[in-house]
Structure formats: C-alpha cells, structure tokens
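Notes to accompany the following structure.
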Amino acid sequence: MHETQVIRLSRKDTLDAICQVIEDLPPNTSLWLVAPWRLAITRRLFNLKRLHYAAERAHVVLHLVSAHRETRLLAREAGLMAHFMLPFRLRRHAHRLGKGRSRPDSLVTRRVLIEGVLEKHLGYRRRLSLGGAFAGLLTIALLVATAAATFVALVPQAEVQIQPVAQPVSASFRVRASPVYREVDYSAAVIPARPVQVIVEERAEEPATGGLDVPDGYASGEVIFANRTDQPVIVPKGTIVRTGSGVNARFATVSDVEVPGQLYAHARVGIVALDPGPVGNAQPLTINIVEGDIGYKVDVLNTSPTQGGTVRRTPVVTAEDFERLSAKLLEQLTRDAYAQLVGELEEGEFIPAQSLDVRIMSQTYDQVVGQRSAVASMTMKVVARGTAVDGKALEQLAIQFLIQRGAEGEELQIIPNSLVIHRSEEIEKDRDEILFSVQARGMVTPVIDIARLQAHLRGKTIAAAEAWLSENVMLAVPPQVSVQPSWWERLPWLPARLKVHILAGET
C-alpha cells in the first residue's frame, strides 16, 4: 500500500526545505503540497520544475494544491499534477512542513491502526458485554450530537440588511497630497503621496505632406542629317545632337544611318533625350548642332518637335511634418506613460492626470527637411513624473469632514456604500506636492455596533431577529433577514457566518 503525505506549506518555507522533505520520503509516496495564496516560490516556473525534478529523483508522486489559477497553470507546465483544493478525505491528515517528520502523519499509518482495532473487536464480538455495548452506543450518540452541533454552528449562514435612519451631508475642501507625510493630517487636510517616474520610448511615422516635381519621361523624335560632302557618310548610333539656342537639350541617335554621297543628300533617324523631363521637349528647327568630328561632314535639323519629356510629383519631408509628428508622438508617449504608471500603482492609489510632468530626453529624426521620402519618421524618449495619491487616506479625510457636518453631540458614522468623492481636474503643483479641490457627499447615521448586533441576533429565528432589529435600531425601512439553506429557520451561532450589511437609508 502506498503511503500518502499531506503538508500545508507556509510563506516562510523555502524551496530547498521543500526539496529536502521530498528527498527524505520513502519511494512511491504520494505527497500533497498545499500552497497558500501568496506563496512566492510556487509562482515561478523554474521553482516548480525543481520540485518536479526532486520528486522524480525520489520516486515520489507529487501533487500541488493551490487556489491561484496561474500557479496551477505553471505547475502543469512544469509536469506536476495541480488541484484547486485538497480532497476531503485528506484534509484531516495535513500537517505543517517540519512538524511530525519523525513519525509521519500518513494515511497508511492511520489505516493500519484502524484495521487493527476493527480486527480486534470483530475477533471478540461474541464476548462483548452489556456495559461495552452501552459504552459503544453512548459513543455513537456523542458523535452524532457533535456532528449535529457542528452542522448547526458552521453550515447555516445568514445575511442581514438594514437601512438605518440617516441624513445626507456634503462637504467641499482643499487637499494637499505630500510625499513628506505618512499619515493623514486631518487638521491641515494633508494626505500621504509618493513621487512616481517612468521612462518610455517609441518610434512613429507620418506621411510626408511636401511635394516636388521631378523629371520623369524621356523626350524622343526625329532629326534629318544632310551631307556636306560628295562622299557617303555613316552617322553611327549614339551620335550626340543638341539645340543651338535657349535651354541646352542634348539627344542621341538610336541607330546607325547612312547619308548618300551627294552634296546636301539627307537621311532621317530617331533620337532620344539624354536627360528626363520637359527639358527634352524641343521645338521644331531648334536641334541644329552635331557634336564631335562627324559634325564636319553632316548638318542636322529637326522638322518636328520632340515629345514625351514629363515630370512626376514626389513626396518631400517638410519642417511642418516634423513639428506635427513630434507633437503627436509626445502626446502618445504621455498617454503610454500615464497608463504604465497607473498599472504600477498600489491598491487604493491614484494619479491625477494633470499632475503628470513629461519631458523629452531625446528625439531622433530619420530624415532631413527637403528629403524625398513618402514618410517622416522619428524616435522619441521621454521621462514622465507624477504624484501617486493615497486614495484610502482621501476617503478617511472625506469621512471626517462629512461626520463634522452631521448632528452635534452624537457619535456618527458614514454608511460605506453612500460615500461619493469628486476630485477637481484643476490642480496646483509644487514639486512633488499637489493641491486640488474635493467635493464629498454621503449618508451619516449614529454608530452601529456590528459585533453587538451579531451577538444579539445569533441563534434567533428570522421573525425574532427582525423584531429585535425593529425595536433596537432606528431604521428607515423594515430589516431583511435571509438564511441559507432556505429551510433552516434560525440564524447561525457563529458571528463569522452572520453578515450584517448597512445600506443607505434617508429620513
């Protein structure tokens, strides 16, 4: 029969101590480790893999019990068997790490003892005396009574909702949040705060809005070569001809051409501009110069215009593009920095967005002004500083102001779910301190002692509890009392099973 061990871990237990316990167990032991909610060592995959390795080396079947969902996911990823809760049959056998290791509190040990007792009694069943039978019946009766008492004490639970007579109050005041203070100063209306800082960096781009016309297509046409001699002349491909006046446009012949051997004999050939754009669009009779030695043998002239030299619009980065992109990126980084700071706040804290101070640490442009580019892009790094205000301290201060607005000579309290606080968006900042206005409102009522109510209500029937509340507490509406399970008629005896909710009721 395999041995089963159940150990409840504490937050003080170390990973090495747990591994040592696993290695000390006999082979084939089934070990159940029950981890508390905030046990840090079970929230890292590396630690869980170490436990799995230690269990494999000791031939121990390891189970991890945790109510934390992420811990169970990591445990399964590490190869462990993970459970939400410990099976009921194992709960009474759990012990703490380091206790009882000399004599393990295991199911096998308990089961052997129980089987030995049963075997002893069954073997001498016929010798059982009348006194022994009576003692056995008495023991059973005591067990039943204990179970019934436990059921009555633990199983029922009740909820009591009361709406006491209350008066609405409101208050307006100025608050100073200062990192110098650790507690609320009610007389000066100062609450604790702390400076927070984050550095963020990001790259962004925007379409360039500038434009520039650049040459695109090459102009083409025809020219006529005329012989200046009485000998045949071959004009080779690539011969350069150009305009003789105005803008100097140069062209090259696209093929060889032979001019007949007769004075002023002529021949046509195609030409194409050497430079793109409108500069190659020459007017008729303007191309009249032949470059090179061939120019001594032939004359040239275009009888028709050359065409096809075009331009296209290309985007260009402007200074305005960089200014707009810088402002947009700064705004985006401010939002990102604020979101990151809010995500790192402690419970109850808040950062007024207006308290955020964002300063540019560096900005790098990927282009220069006037550069041909479809986009303007840049990288910016900023440092954002803000003030994290203690929201719980603000609530305490607001409650104190509201109670002071209540009836004099009476001990009052604020009904929790009635407290509403509005903070002004306008703040004044002095280094890490900020000042802002607050408007608070809520319902105040005479102090209600919850413990006293629970002490008087426990064990009463629903009708008796409602009657007692109506007689002893000033209520705006009749109380509501509910018990679970619904067929149970009395309120539980344990105060922990009796919840009292105070709701906002008006006069």
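Every number here is computed from the coordinates shown, using simple stated rules; none is lab data. These figures come from a predicted structure and were not determined experimentally. As a convention, Cβ positions derive from the backbone with ideal geometry for all residues, glycine included, and neighbour counts pool all protein chains shown.
Key figures for this structure:
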quantity	calculated
ARG57-ALA496 FRET efficiency (beta carbon distance; Förster radius 30 Å; 0.05 resolution)	0.10
Two-site FRET efficiency, ARG268 against VAL375, from Cβ-Cβ distance with R₀ of 35 Å, rounded to 0.05	0.15
Mean Cβ count within 10 Å, highest first, over the residues of peptides 27-34, 209-216	27-34, 209-216
Helix runs (DSSP H) in the chain reaching 18 Å along axis by Cα, Kyte-Doolittle at least 1.6	130-154
The chain: proportion of alpha-carbon pairs further apart than 38 angstrom, %	68 percent
Whole-Å distance, taken between Cα centres, linking the range 6-67 and the range 259-312	93 Å
Set of aspartates and glutamates near LYS499 by C-alpha distance (under 15 Å), chain-local residues within fewer than 8 positions excluded	GLU159, ASP449, GLU466
Cβ charges +1 (Lys, Arg) and -1 (Asp, Glu), total dipole of the range 217-309, debye	120 debye
Mean separation of Cα contacts under 8 Å, 6 or more apart, over the residue count of the range 213-371: relative contact order %	26 percent
Ranked by how many other beta carbons lie within 10 Å on average, peptides 18-25, 82-89 from highest	18-25, 82-89
Total charge dipole magnitude, the range 335-419, about the Cα centre, Cβ charges on Lys, Arg, Asp, Glu only, Debye to nearest 20	780 debye
Calculated Rg and Dmax of the range 167-218 using C-alpha coordinates, Å	28.1, 89
Computed label-point distance, nm, for sites ALA327 and SER304 using a 7 Å Cα→Cβ extension	5.5 nm
Paramagnetic reach from ASP216 in the range 254-288 [backbone N under 19 Å; point 7 Å along Cα→Cβ]	273-282
At 1.306 mPa s and 10 °C, Stokes diffusion of the range 217-309 via Kirkwood alpha-carbon radius, µm² per second	124 µm²/s
The chain, relative contact order in percent, only Cα pairs under 8 angstrom and at least six apart counted	18 percent
Residues MET380, MET443, sorted so that the one with the fewest Cβ neighbours within 10 Å comes first	MET380, MET443
Spin-label zone in the range 23-47 - amide nitrogen under 20 Å from a point set 7 Å from the Cα of ARG91 along the C-beta vector	31-38
Kirkwood Rh (inverse of mean 1/r, distinct Cα pairs), the range 387-452, angstrom	13.5 Å
Residue order, fewest to most beta carbons within 10 Å, for TYR181, TYR296	TYR296, TYR181
The chain - charge dipole about Cα centre, Lys and Arg +1 at Cβ, Asp and Glu -1, debye rounded to 20	3600 debye
Evaluated over the range 346-472, the Cα radius of gyration and Dmax, each in Å	26.7, 88
Separation in nanometres of the label points that stand 7 Å from Cα toward Cβ, at TRP487 and LEU45	5.0 nm
Listed pairs LYS237/LYS297; LYS328/LYS381; LYS12/LYS392 exceeding 19 Å between Cα atoms	LYS12/LYS392
